Amino acid sequence: MSTAKKRPIDILSGSFDLNRRRKYELIVDEVHLMDLYFKPITRADRLDVQGQAGTDDAMKMSTYMLIRKAENEDGTKTFVLGDLAALRRLPEKILNELELFLFGINEEGEPSIEELRKARNKR
């Protein structure tokens, strides 16, 4: 019985659950404000956001990506494009924390412990 060899792209595509979400608890001054959920960012997301933002400026793109990817617990979008100006007026510290989580990076610019554990467990 011959088994068809899987193509590398099929192996890669089947190895990731793009619907799995990570939960971010937004806490300000020790008060839990809300939970946000994020699915993995894909290259397609990055290209779409770059086109939507009309630039490859990292700061602008990260805010557009936040709008695109942030979800409520029920899977509905947390933000809409019309929220862009209001998001830009939030304290930089809050946006940075959200975006670092979204991109899977801690404040030192390294992958978070959670990301490293997940990668190690997949091996």
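See the values below:
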{"item": "Accessible area, probe 1.4 Å, largest first, for residues R46, R21", "result": "R46, R21"}
{"item": "Two-decimal Rg to Rh for the range 1-101 - Kirkwood Rh, Cα set", "result": "1.10"}
{"item": "Stretchable slack from F103 to I9, in nm (0.36 nm times residue separation minus alpha-carbon distance)", "result": "31.5 nm"}
{"item": "Cα centre as origin, Lys/Arg/Asp/Glu Cβ charges: the range 22-76 dipole, Debye", "result": "360 debye"}
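The values are calculated or read from the model by the stated rules, or taken from the named source; none is laboratory data. These numbers were taken from a predicted model, which means no experiment stands behind them. As a convention, Cβ positions derive from the backbone with ideal geometry for all residues, glycine included, and neighbour counts pool all protein chains shown. Note: accessible area is taken over every heavy atom of the protein model, side chains too, but ligands, DNA and RNA are not part of it. Shrake-Rupley method; radii C 1.70, N 1.55, O 1.52, S 1.80 Å.
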